[in-house]
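Here's the structure, in structure tokens; my notes come after.
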Amino acid sequence: MKDHITLFLIACLLVSSCLFQGRGAKRAPARTPESEQALLDTVQKYTTLYFTDFAEPKTGLARERSNNTADIVTTGGSGFGLMAIVAAMERQYIPREHGIYLIDKSLTFLERAERFHGMWAHWYDAATEKVFSFSKFDDGGDIVESAFLAQGLLTLRQYFKESAPELARRSDELWRGMEWDWYTRGTDSLYWHWSKNYEWKMNHRITGYDECFIAYVLAASSPTHPIKRKVYESCYKNSSYYYNGKSYYGIPLTIGMEYGGPLFFTHYSFLGLDPRGLSDGLTDYYERGRAHSLIHYNYAIDNPKGHKGYGPDLWGFTSSDDPIVGYCSHHPGTPDENGTVSPTAAISSIVYTPKESMDCMWHMYYDLGDKLFGPMGFYDAYNPSLEEDKQVVHSYLAIDQGPIAVMIENYRSGLLWKLFMSAPEISVGLEELGLTTNNQ
């Protein structure tokens, strides 16, 4: 297996060096709408390789990361990957038959994998097909990662309902088997984890505002095991960091922690859920995502800690690998904000900040070139304040690659938003939670 991975990466590197010969000279074409579209196409195509060519061969799912000696697959990242594969088929990056092959293999594993009241674990070991513990007591159902996966399942169902109805049926069956109400424990709260070995030992109530918003939307949308609005109101919206009401750099932020938190808060829930026109009366979720992204953009320009490289062409802070402290969240307001920039942060915000995100992508691709762009797209993290050979973490993570591919497609065509929002259950769930939208 390791030899297979090594050969694949060597082949990709050779192809990449041939295709981009001359990029070392940092020569960029004239910046026009056409050249920008070409760049978007290149970034989306190469990023999607993580979920096609680099998919774990036995299960078809996404490997958790590229720099891991074990084949650990991730459920949430695989949900992102399923959406990226749909876009890849539409753009003919891969033959439709190959996309269906990958999706069929993924569904087959998801059907036979151990589940916990319909929910999947965060990670599985592909070699044994058993749960791989995320942490000591986290060896069972994870409803947030399962929610990310369910975004992909509903997208598949809507995409294949006429052209491949058996794939649509299987996706629907998995979705309908998810027991969201079980994870309330009969209370007015929603809990993140349940384990057959430790039961509710994690005792993690899902409060926001964060990436877990989609879990509540899907839980309320379930046709078989729904939750009621009181769970959303009493649990998710009831925390010291849900409501904000402050302004940063003159930009008001209705909900969320200081500076909005890491940018994945604004990405993960909205890969399928269309934020445009989505509102609860207080927060317009598209405007909230735009505000969050622009706060990070302006933070990089302000650069209060004097980090090298920060500015309008290099911004975006989230959780990712980090060349100094390993995987962490290095967003503004945290002690680990150490000069690390994560390409996924600004690029995945392109639906909210098209100009600012494109400026950053253009700089990273043409000015930084092969230093930051490898065989499966942009590497996970970059810190220009470090010594030259320590600046880049040459890794790829499913949960960082997925939002890049999906959000670029949503920016270009809105395809994945359209598919997910066409699921009739979603309108039911949004109404239950008191949310309105004009994009269904």
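The values are calculated or read from the model by the stated rules, or taken from the named source; none is laboratory data. Note that the structure is predicted; figures quoted are calculated from it, not measured. Here Cβ is always computed from backbone atoms with ideal geometry, including for glycine, and neighbour counts include all displayed protein chains.
Annotations for the structure displayed:
- Annotation note: of 359, 389, 367, 400, the sole residue that is under 21 Å from residue 148 (Cβ atoms) and either of a type outside the set (Gly, Ala, Ser) or free of Cβ contacts under 8 Å to residues at least 24 places away in the same chain (or both) is 400.
- Output for region 161-176, where each listed residue is within 18 Å of residue 87 (Cα to Cα) and either among the small types (Gly, Ala, Ser) or touching a residue at least 40 places away in the same chain (Cβ under 8 Å) (or both): 163, 164, 167, 168, 171
- Looking only at region 62-77, and only at residues there that are in a strand (DSSP E or B) and not polar (S, T, N, Q), the one that is farthest from residue 398 (Cα to Cα): 72
- Top-ranked residue in region 281-304 [being of a type in the set (Ser, Thr, Tyr) and in a helix (DSSP H, G or I); ranked as surrounded by the most Cβ atoms within 10 Å (Cβ to Cβ)]: 293
- Selection within region 205-237 - within 17 Å of residue 283 (Cβ to Cβ) and part of a loop (DSSP other than H, G, I, E, B): 207, 208, 209, 210, 211, 212, 237
- Number of the condition not met by residue 313 [criteria: (1) modelled with pLDDT under 95; (2) surrounded by fewer than 20 Cβ atoms within 10 Å (Cβ to Cβ); (3) farther than 30 Å from residue 429 by Cβ]: (1)
- Filtered residues of region 289-333 (kept if out of contact with any strand residue (DSSP E or B) (no Cβ under 6 Å at 6 or more places or on another chain), of a type in the set (S, T, N, Q) and farther than 15 Å from residue 257 by Cα): 298, 303
- Residue that is among the charged types (D, E, K, R), more than 29 Å from residue 163 (Cα to Cα) and touching a helix residue (DSSP H, G or I) at 6+ places or on another chain (Cβ under 7 Å), where the choices are 129, 36: 36
- Qualifying residue in region 45-58 (condition: over 30 Å from residue 129 (Cβ atoms) and surrounded by 15 or more Cβ atoms within 10 Å (Cβ to Cβ)): yes
- Of the residues making up region 347-391, just one is aliphatic (A, V, I, L, M), more than 16 Å from residue 407 (Cα to Cα) and assigned to a helix (DSSP H, G or I), namely 364.
- Any hit, region 78-93, residues being within 26 Å of residue 190 (Cα to Cα) and either assigned to a loop (DSSP other than H, G, I, E, B) or among the β-branched types (Val, Ile, Thr) (or both): no
- Total residues in region 359-371, condition out of contact with any Lys or Arg (no Cβ under 9 Å at 6 or more places or on another chain) and surrounded by fewer than 22 Cβ atoms within 10 Å (Cβ to Cβ): 3
- Test for residue 427: is it within 30 Å of residue 213 (Cβ to Cβ) and out of contact with any Pro (no Cβ under 9 Å at 6 or more places or on another chain): yes
- Flag if residue 266 is under 28 Å from residue 66 (Cα atoms) and touching a Gly at 6+ places or on another chain (Cβ under 6 Å): yes
- Residue count, region 245-268 (criterion: in a strand (DSSP E or B) and closer than 20 Å to residue 216 by Cα): 2
- In region 298-310, the residues that are on the phi > 0 side of the Ramachandran plot reach residues that are part of a loop (DSSP other than H, G, I, E, B) and surrounded by 13 or more Cβ atoms within 10 Å (Cβ to Cβ) with C-beta atoms within less than 8 angstrom, at least six apart or across chains, in these pairs: 303/310; 309/339; 309/384; 309/385.
- The residue pairs whose first member lies in region 253-278 and is under 14 Å from residue 435 (Cα atoms), whose second member is small (Gly, Ala, Ser) and crowded, with 23+ Cβ neighbours inside 10 Å, and whose beta carbons are closer than 9 Å, counting only pairs six or more residues apart or on different chains, are 275/269; 275/289.
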